[in-house]
Amino acid sequence: MTANGYTFDEMRRFHAEWSLATWDKGGPLMRYTFRRMTEFFPHAVIRCAGPVAELSVNPRDDVANNAIQASPGQMSLNDYVTAGPVNGVVILHHGDIVYERYPRMDADDLHLTMSVAKVFTSTLIAILEAHGLIDSLGPVETYLPEVRGSGWEGVSVRDVLDMASGIDCDQSGADVYTNPATPYYGFEASLGWLPPTPETMSSTYEYVARLGRLKEPARAFDYSSANTFLLAWIAERVTGRPYADLLSDEIWSQIGAEGDAVITTVPSSGATTSHAGLSARLRDIARFGLLFTPSRHVVSDAPIISERYLREIVSGGRPEVLANGITGRGIAARMADDPPLHNSYQWDYVMPDGDFYKGGYGGQGLYISPKRDVIVAFAGAFEIGGPDSEMASIARQLARSGLFDG
C-alpha cells in the first residue's frame, strides 16, 4: 500500500478475494471495499451543483489532545484515531474544521456510509413534508396502494420513520445475514448485497410490498432497514422521480458539496440501497450535518430543512417507543450512564441536551450538537476479530467536555 492508496497488485488481490459473503467481514478487504464501492456494485450518481461551500480549516490542539475514555484506557483523541479502527474523522465547530484526520483513507474517497445513509432518506421525507407532498401522520397505503393487505397497511409514515412499524423484517437476529429463510436476508439479497438463492426476488419493491406484520405499530423501536426502503419508495412515488435524483436536487446540490456522491442500485428493478448504499466524501457528510446547526449558512443561504423538522428530532420523539423495542432497549443498556431520551426520524438516539446521532455498520457515524454548533463525522472499518469503533461514545465525550461551550 502506498500512503492511503493501493498498488496495482493489491487491487488485483482484493478483487480476487472479494465475494458477497466476504466483502464486509472486516480487515483490509472490508476497508478496500468501503473506500471503492463502485468497483464492485452498480451505482447511481447523486450530483453536486454550484460552487463548493468552503470550510475554514482552524485546527485545535486542545481537540486533538483531549483525553477520552476508550476500552484500552484513557488516551488522547488523536491517539485513538491513529490506533483504532478509524479510517477518517472530521470535526466542525461553528462551521470551521477544528480536527481532521485520514489515517486509513484519502480525503477525497467516496467512503461507504452504511446506515448513516438512512438520515438522508428521512431528511428527504421531511423536505417533502414541508413541500406539502407527504403527511407523516397518514397511513403508508395512501402513497403506496401496493402495500394494502400487507403488514404495512394502516402503519403511519411517522411510525416507519421511527422504526416502529412492527414490520416482519427483523434485522437484529443472529442469523439474518446468513439464513435465507429469514425475511431480512431476502430483503438484502434482492438488493444484491447478499448471495442470491433460487427464492430471491428481482424486485425489492415487490418483496417489501409483501412483508407481513410482526408487532403492532407505534409500540417499539425495532431496527429494520426495510423501513428506510419504504420511505425512499414513498418519496419516489409522490414526486415521480428516482431516489438518487431526488437526493441530488433536494439535498446534495444544495450543500456546496465538494463532489458527487453515489449510491448502489439494482439494475433489474432500479431500486437503490437507500438504507446503506450511499458513498461520499467525509467532508460532505459533515456539510450535510451543518444543516441542523446554527452554522447552516456556511453551506446554504436558504434553509434546506425546516425548523419543524429539527423540533421533531429534538423534542418530538416518543420515549416509550425507545424503551419498548429490542433496538431501543439495547441502546439504553449501552448508554445507561448517559441515557438518551428517544429516537426520531431514523436518528438512532436523541440526548437530553438536544444532541443526536446516527451510526452505521463498521464504524460510520454522524453526531450533531445543535446547541454547541458541533459536527463529528467519521468513517471506519474494523479488523477481523478486532474491536468495533468507539467513535460514537468518543463524539459524545467530546461534546460534553466543555471544549465547544464557547
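Read-outs throughout are calculated quantities, based only on the coordinates presented, and are distinct from any laboratory measurement. Being a predicted model, the structure only gives us computed values, none of them experimental. So basically every Cβ, Gly included, is an ideal-geometry build from the backbone, and we count neighbours across all protein chains shown.
Restricting attention to region 185-243, which residues are among the small types (Gly, Ala, Ser) and within 16 Å of Lys118 (Cα to Cα)? Outline the logic, then answer.
The first filter runs over region 185-243 and keeps only residues among the small types (Gly, Ala, Ser), leaving 186, 189-190, 192, 202-203, 209, 212, 218, 220, 224-226, 232, 235, 240.
Matches in region 185-243: Ser224, Ser225, Ala226, Ala232, Ala235.
Of the numbered conditions (1) loosely packed, with under 13 Cβ neighbours inside 10 Å; (2) outside any loop (DSSP other than H, G, I, E, B); (3) among the hydroxyl-bearing types (Ser, Thr, Tyr), Tyr32 satisfies every one except a single condition; which is it?
Just one mismatch for Tyr32, condition (1).
Kindly indicate which of Thr204, Thr182 is over 22 Å from the mean Cα position of the chain (by Cα), among the hydroxyl-bearing types (Ser, Thr, Tyr) and over 28 Å from Arg296 (Cβ atoms).
On the way: Thr204 fails: over 22 Å from the mean Cα position of the chain (by Cα).
Being over 22 Å from the mean Cα position of the chain (by Cα), among the hydroxyl-bearing types (Ser, Thr, Tyr) and over 28 Å from Arg296 (Cβ atoms) holds for just one of Thr204, Thr182, which is Thr182.
Being surrounded by 14 or more Cβ atoms within 10 Å (Cβ to Cβ), part of a loop (DSSP other than H, G, I, E, B) and in contact with a strand residue (DSSP E or B) (Cβ under 7 Å, 6 or more places away or on another chain): is that true of Phe41 here? Write out each step before concluding.
Details: surrounded by 14 or more Cβ atoms within 10 Å (Cβ to Cβ): yes; part of a loop (DSSP other than H, G, I, E, B): yes; in contact with a strand residue (DSSP E or B) (Cβ under 7 Å, 6 or more places away or on another chain): yes.
For Phe41, the condition - surrounded by 14 or more Cβ atoms within 10 Å (Cβ to Cβ), part of a loop (DSSP other than H, G, I, E, B) and in contact with a strand residue (DSSP E or B) (Cβ under 7 Å, 6 or more places away or on another chain) - is met.
Against the conditions (1) out of contact with any helix residue (DSSP H, G or I) (no Cβ under 7 Å at 6 or more places or on another chain); (2) polar (S, T, N, Q); (3) outside any helix (DSSP H, G or I); (4) buried (at least 19 other Cβ atoms within 10 Å of the Cβ), where does Ser150 fall short? Just the number, please.
So the condition that Ser150 fails would be (1).
In the list Asp348, Asp388, which residue meets the criterion of being under 30 Å from Asp249 (Cβ atoms), under 17 Å from the mean Cα position of the chain (by Cα) and of a type in the set (D, E, K, R)?
Numbers: Asp388 fails: under 30 Å from Asp249 (Cβ atoms).
The match here is Asp348.
Find the residue count for region 371-393, including only residues that are under 30 Å from Arg311 (Cα atoms), of a type in the set (A, V, I, L, M) and in contact (Cβ under 8 Å) with a residue 60 or more places away in the chain.
The qualifying residues number 6.
I need every pair where a residue in region 294-318 that is buried (at least 19 other Cβ atoms within 10 Å of the Cβ) has its Cβ under 6 Å from the Cβ of a residue that is of a type in the set (Lys, Arg), sequence separation at least 6 or different chains.
Val299/Arg287
The rows are residues; the columns are (1) β-branched (Val, Ile, Thr); (2) within 19 Å of the chain's Cα centre (by Cα).
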{"site": "Phe34", "(1), (2)": "no, yes"}
{"site": "Arg47", "(1), (2)": "no, yes"}
{"site": "Ser56", "(1), (2)": "no, no"}
{"site": "Val63", "(1), (2)": "yes, no"}
{"site": "Ile68", "(1), (2)": "yes, no"}
{"site": "Ser76", "(1), (2)": "no, no"}
{"site": "Thr82", "(1), (2)": "yes, no"}
{"site": "Val89", "(1), (2)": "yes, yes"}
{"site": "Asp96", "(1), (2)": "no, no"}
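Could you tell me whether Ile305 is over 15 Å from the mean Cα position of the chain (by Cα) and among the aliphatic types (A, V, I, L, M)? Before you say what the answer is, go through the steps one by one.
On the way: over 15 Å from the mean Cα position of the chain (by Cα): yes; among the aliphatic types (A, V, I, L, M): yes.
Yes; evaluated as a whole, the condition is true for this residue.
So which strands (runs of 3 or more DSSP E) stay within region 56-117 end to end and still have 2 or more residues that are surrounded by fewer than 22 Cβ atoms within 10 Å (Cβ to Cβ)?
Working: elements: 67-70, 73-76, 86-93, 96-101.
Here the list reads 67-70, 73-76, 96-101.
With (1) surrounded by fewer than 19 Cβ atoms within 10 Å (Cβ to Cβ); (2) touching a helix residue (DSSP H, G or I) at 6+ places or on another chain (Cβ under 8 Å) as the list, and Asp222 as the residue in question, which single condition is left unmet?
The number of the failed condition is (1).
Please state which of the following conditions Tyr177 fails to meet, knowing it meets all the rest: (1) more than 30 Å from Arg283 (Cβ to Cβ); (2) among the aromatic types (Phe, Trp, Tyr); (3) surrounded by 21 or more Cβ atoms within 10 Å (Cβ to Cβ).
Every listed condition holds for Tyr177 apart from (3).
Would you please name the residue that is surrounded by the fewest Cβ atoms within 10 Å (Cβ to Cβ), looking only at residues in region 225-252 that are of a type outside the set (Phe, Trp, Tyr) and under 17 Å from Gln171 (Cβ atoms)?
Residues of region 225-252 that are of a type outside the set (Phe, Trp, Tyr), as a first pass: 225-228, 230-232, 234-242, 244-251.
Imposing the further condition that a residue be under 17 Å from Gln171 (Cβ atoms) reduces the set to 225-228, 230-232.
Working: Ser225: 23, Ala226: 27, Asn227: 27, Thr228: 25, Leu230: 30, Leu231: 27, Ala232: 27.
If we take residues in region 225-252 being of a type outside the set (Phe, Trp, Tyr) and under 17 Å from Gln171 (Cβ atoms), then Ser225 is surrounded by the fewest Cβ atoms within 10 Å (Cβ to Cβ).
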